[in-house]
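Asks: Shown below is the structure under consideration.
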Amino acid sequence: RDWVYGAIDGAVTTFAIVAGVVGAELSAGVVLALGAANLFADGFSMAAANYSGTRSEHDERRRLHDVEARHIQENPAGERREIREIFRAKGFEGDVLENIVAVVSSDRDLWIETMLAEEYGQPPVLRRPWAAAAATFAAFTVAGSAPLLPFVVLGGADAAAWALGLTAATFFGVGAAKSRWSLTHWARSGGETLAIGLFTAGVAYGVGWLLRDIV
């Protein structure tokens, strides 16, 4: 999730800046200045936001954990009824159902974890905030560098065409790679990501072209 999110956003936002500057017919130096500023500032911003968002998931889980622990302590009979209804809804009944209730309610930690998963939909394992932030920043800067490399190497008129091709390949590659975690065919996933990225870049180019005389 963090790699895909960071890579797509890095390629989209950086190429959008490149497209906007090219549409405004500004110099390669302006492309590099604005692109580099976006690459690191926006990459860090996204990483910080992802860190904070992931931390909030941990805070929410701790809060719900305390709520369920208090409910079990204050009203164990009511919480057992909830466990019984949860597993009855899954199709268990009779002695099997009562054995499940007895086993779950005999272990306080298991009891709380069961309630967190079944009542609140909490996942058993949460992402680590620092790892999520690092993955987002790394993916953002790597994929976001693609539109800028031609301007570093070539620095001329051909750089825009090369930037488009390299960025398109990045979009498609990221989309194809993320198909590993879905049932979508890699070609379709790559094509969808490519279409999203090019549409965003087209909007940015159009805005830059309309404002070229002003800037």
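The values are calculated or read from the model by the stated rules, or taken from the named source; none is laboratory data. For clarity, every value in this text was computed on a predicted model and none was experimentally measured. Positions of Cβ are generated from backbone atoms using ideal geometry, with glycine treated the same way; all protein chains shown enter the neighbour counts. Surface accessibility is based on the protein's heavy atoms, side chains included, excluding ligands, DNA and RNA. Shrake-Rupley method; radii C 1.70, N 1.55, O 1.52, S 1.80 Å.
Asks: Enter the Cα centre distance for the pair region 151-178 and region 65-120, rounded to the nearest angstrom.
Replies: Region 151-178 and region 65-120 have Cα centres separated by 54 Å.
Asks: Over all Cα pairs of the chain, how is the pair count split among 5 Å bins, expressed in % and running from 0 up to the last occupied bin?
Replies: 1, 7, 12, 13, 12, 10, 8, 7, 7, 6, 6, 4, 4, 3, 1, 0
Asks: Taking the Cα-to-Cβ direction at Val203 and at Glu93 and moving 7 Å from each Cα, how far apart do the two end points lie in nm?
Replies: Modelled inter-label distance: 5.4 nm.
Asks: Semi-axes of the equivalent ellipsoid for region 107-172, please: Cα gyration tensor eigenvalues, times 5, square-rooted, ordered largest first, whole Å.
Replies: 47, 12, 6
Asks: Once you've got the GNM for the chain with C-alpha springs shorter than 10 Å, pick whichever of Asp109, Asp95, Asp158 has the biggest mean-square fluctuation.
Replies: Asp95
Asks: Quick check on region 148-203: take the gyration tensor over C-alpha atoms, sort the square-rooted eigenvalues as a ≥ b ≥ c, and tell me if it's rounded (a/c under 1.5), prolate or oblate.
Replies: It is prolate, given that a/c is not under 1.5 and a/b is the larger ratio.
Asks: Under 10 Å, Cα contacts only: if you run a Gaussian network model on the chain, which one of Arg88, Arg55, Arg188 comes out with the highest mean-square fluctuation?
Replies: Greatest mean-square fluctuation among the candidates belongs to Arg88.
Asks: Go ahead and run the numbers for FRET between Ala187 and Val125, Cβ-Cβ distance against an R0 of 30 Å, rounding to 0.05.
Replies: It comes to 0.40.
Asks: Please compute the modelled spin-label separation between Ala177 and Ser27, points set 7 Å along Cα→Cβ, answer in nm with one decimal.
Replies: Here the answer is 3.5 nm between the modelled labels.
Asks: Take Phe137, Phe199, Phe151 and sort them by solvent-accessible surface of the protein heavy atoms, 1.4 Å probe, largest at the top.
Replies: Ranked list, largest accessible area first: Phe199, Phe137, Phe151.
Asks: How large a share of the accessible area of region 1-97, in percent, is made up of carbon and sulfur atoms when the probe is 1.4 Å and the other protein chains stay in place?
Replies: 58 percent
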